[in-house]
Structures are given as C-alpha cells and as structure tokens.
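Below is one structure, written out as structure tokens; comments come after it.
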Amino acid sequence: METKTFKPEEISEFVKEHIQSKIDHNELHLIGLDMKNEENFKREFSMYETALFEGICNGIIMCGGKIEGLDTDKPE
C-alpha cells in the first residue's frame, strides 16, 4: 500500500475550510473562544488554528502518512 503524502498547504486549506464552516454555522463560540474581548479572541483564535493544524499533522503521522517537508524517520 502506498503511503499518502500531504502538502502543508493542503492541511492549511482544510483547517481554513473547517473554521469557515464553524463560522457559517454560528458555532465558533462553542470552541470556547472569548467572543466579547477582541484582543483575547484574536489570540485564542490563533491558538485554535495552530492547534488544529498540529493535531491534523500528528494524526496523519500517527496513521502512517507523511507530510511533505517533514522528516519523521528516527535516526539509526
């Protein structure tokens, strides 16, 4: 079976689409972001976006996939 290799841009696009879906369905507040304080919101939103990207990358690696430009092979 051939290992699927993802591009970081593909993952980033998926994250953007996922977040846009949350916005479109008025679900952004369900994530726990501070919707009343703009400064907090920006910081928390950035953290959410980064954590989502990293979580997807980790899931891909854990399932045996690869990400272009990321070396996950252990040195011998």
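Points to keep in mind about this one:
- Cys63 satisfies every condition listed in (1) surrounded by fewer than 10 Cβ atoms within 10 Å (Cβ to Cβ); (2) in contact with a helix residue (DSSP H, G or I) (Cβ under 8 Å, 6 or more places away or on another chain); (3) at pLDDT 90 or above; (4) not β-branched (Val, Ile, Thr) except (2).
- Test: residue in the range 42-65 that is at negative phi and touching a residue at least 60 places away in the same chain (Cβ under 8 Å): yes
- Qualifying residue in the range 5-22 (condition: surrounded by fewer than 11 Cβ atoms within 10 Å (Cβ to Cβ), of a type outside the set (Lys, Arg) and more than 30 Å from Lys66 (Cβ to Cβ)): no
- Unique match (being charged (D, E, K, R), at pLDDT 95 or above and under 23 Å from Gly59 (Cα atoms)) among Glu2, Glu44: Glu44
The values are calculated or read from the model by the stated rules, or taken from the named source; none is laboratory data. Since the structure is predicted, the reported quantities are computational estimates derived from the model, not experimental observations. Here Cβ is always computed from backbone atoms with ideal geometry, including for glycine, and neighbour counts include all displayed protein chains.
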